[in-house]
Amino acid sequence: MRGIFLCLGLCTVAAVADARPPNVIVIMADDLGWGDLSCHGATAVQTPHIDRLAREGRRFTSGYCSASTCTPTRYSFLTGEYAFRKPGTGIAPPNAAAIIPPGTPTFASVLHDAGYATAVVGKWHLGLGERGRGPDWNGSLAPGPLEIGFDHCFLLPTTNDRVPPVFVEDHHVKDLDAADPLWVGDTKPSADHPTGIEQRSRLTMDWSKGHHDTIHNGIGRIGFFTGGSRARFRDQDLADAWVRESVRWIEAHSQEPFFLFLPSHDIHVPRVPHERFQGSTGMGPRGDCIVQLDWTVGQITAALDRLKRTDDTLVVFCSDNGPVLDDGYRDGAAERLGSHKPAGPFRGGKYSVFEGGTRTPFIARWPGRIAPGTSDEIVCTIDLAQSVARIVGAEVPKAAFPDSVDVSAALLGTGAGRRSLLQQDNGSGRFGWREGTWKLVRQPPPKRPPAGDAAPLHDALYDLAVDPGEVTDVSARFPDVAARLAAELDQVTGRGAAAPPPAVSPPSTTLPKAAGPVRKTVTSPRA
Ligand code: CA
């Protein structure tokens, strides 16, 4: 142990005297919907390993991610700041520079400074390299995770429907041959370069939209690359790589407090599970990737069991945004869906500010400390930074994690979660604002004119208690509620001058008192 830990004071669930703070593992699925788990009622696919976490831990029916696309949720998860406040946090292109500046206090840096070994293994998609220059694929890929609190990283640098299809280990492309340099760009490098347009008939997975630049492994991607032949991976081997590298790292650090962030690529497109999972469901690659994701979770929990670290490890399972069927490839996701409901009872999915976009699987397990069960408390991935710091007694720098609410009591099952929650999309200015069971959805009116960027946004109000599918706009019936929620949303997005309302109910917990979230007055992206 490299640091000195504060008193835990966590004796509400079990009177366990344990000087060692818990290890922390966050497994973040990709594009996994609320309804995609058998513990949420799915029958077309079985997820026994994730279900085990739910059975042994706390499953949140109102668990959220903070945005309905990859990059903004990941930004907020690490920084505790709503992504809409930070320009450039939309879906990152292949040559994006590091989005989180070096030295920014993050979930990882706070745990690192408290003495934790820290690593991220999986999909990054938060940019690498200096601002204005971007990634130096053949040199040092700094700054990146190692400059914001991680000791170690093993990454898919962008996302797998984008180039390049290589692993990054710490500051370098893994297995790169200097004699075969890697080039990545956004324009076709030569007339004979193989793309999904000219060689469409030879693709093993056809594209439906956009994914027709450089072909790799029979699949067109977004963006172009050449070289790096020895470093390229097979899509089918991604999950095995995450498990291999994660387990290896856990084994190496099992005798000290550790924090592992494991953002799996499953079930993002292109959905190419390992051959042993292909055909394991009747839903095609999308269903098979859910099985592969569940296997991944099972391998991590099995490693904890084997190392006898299960009882002192807090495991959180979540998703980075809601589900999508056709996300640019023709993989049969819609055609073979059957009666399966990826978003469960909720409306919308990826890219949306309806509930289906951000209300996603959220499970926390810590045997002996978290009482098993189901919770309706509102918790969000953006809250994990503040909440886990509180649970392990790590010090959060002043003004860090400005939008991350301490929901540790809800995670532990001893108190309340959030009272209200902002939901955003990829940064278009659409927002959802949930308060209790009310939900305000701010987006363009249904018949917005084509050139209507300057047109006023439309606020609709839904009562989630009776209308979880957000079908009936009741703003005309409850104008006072709609006005109150709109004013609260305005305050949080910076249009109002006053401080926002408290975002969490008074805690009923024995946790030590910690500083509340510090909020900033910001300029709305819609202003
Ligand atoms: Ca995603």
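The values are calculated or read from the model by the stated rules, or taken from the named source; none is laboratory data. Note that the structure is predicted; figures quoted are calculated from it, not measured. We place every Cβ from the backbone using ideal geometry, glycine too, and count neighbours over all the protein chains shown. Ligands, DNA and RNA are stripped out before the accessible areas are found, and what is left, the full protein with its side chains, is counted by its heavy atoms. Shrake-Rupley method; radii C 1.70, N 1.55, O 1.52, S 1.80 Å.
Computed values, structure above
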{"read-out": "Residues of the chain: accessible area per residue with a 1.4 Å probe, Å²", "value": "37"}
{"read-out": "Residue 362 long-range amide H proximity, modeled H, under 5 Å", "value": "60"}
{"read-out": "Given charges at beta-carbon only (K, R positive; D, E negative), |dipole| of the chain in Debye", "value": "800"}
{"read-out": "Relative frequency of Cα-Cα separations exceeding 31 Å in the range 26-419, percent", "value": "32"}
{"read-out": "Karplus-derived HN-Hα couplings along the range 309-314 (A = 6.51, B = -1.76, C = 1.60, θ = phi - 60°), whole Hz, x at Gly and Pro", "value": "10, 4, 6, 10, 10, 7"}
{"read-out": "Dipole magnitude of the range 422-493, debye to nearest 20 (Cβ charges: Lys/Arg +1, Asp/Glu -1, about Cα centre)", "value": "160"}
{"read-out": "Relative packing of 283-293, 184-194, which averages over residues the other C-beta atoms within 10 Å, highest first", "value": "283-293, 184-194"}
{"read-out": "Bridge type composition, the chain - antiparallel percent by DSSP, nearest 5", "value": "55"}
{"read-out": "Relative contact order of the range 56-107, pairs being alpha-carbon contacts under 8 Å that are 6 or more residues apart, as %", "value": "32"}
{"read-out": "Calculated from backbone phi, Karplus (6.51, -1.76, 1.60) coupling profile of the range 361-373 in Hz, x at Gly/Pro", "value": "x, 8, 10, 10, 10, 8, x, x, 10, 9, 5, x, x"}
{"read-out": "Förster-model FRET efficiency, 56 Å R0, residue 466 and residue 230, C-beta, rounded to 0.05", "value": "0.45"}
{"read-out": "Close Lys-Lys pairs in the chain, where close means Cα under 18 Å and separation is 8 or more or interchain", "value": "9"}
{"read-out": "Computed helical MRE - 222 nm, the chain, DSSP H runs ≥ 4 contributing -39500 (n - 2.57), nearest 500", "value": "-5500 deg cm²/dmol"}
{"read-out": "Rounded percent of accessible protein surface that carbon and sulfur make up, the chain, 1.4 Å probe", "value": "53"}
{"read-out": "Residue among 412, 354, 91 farthest towards the positive dipole end of the range 26-419, charges placed on Cβ", "value": "354"}
{"read-out": "Student exercise, the range 182-306 dipole from Lys, Arg, Asp, Glu Cβ charges, in Debye to nearest 20", "value": "300"}
{"read-out": "For peptides 44-57, 296-309, sequence by mean Cβ density within 10 Å, most packed first", "value": "44-57, 296-309"}
{"read-out": "Note, ³J(HN,Hα) from phi for the range 169-178, Karplus 6.51, -1.76, 1.60, rounded to Hz, x at Gly and Pro", "value": "10, 6, 9, 9, 5, 6, 6, 6, 8, 4"}
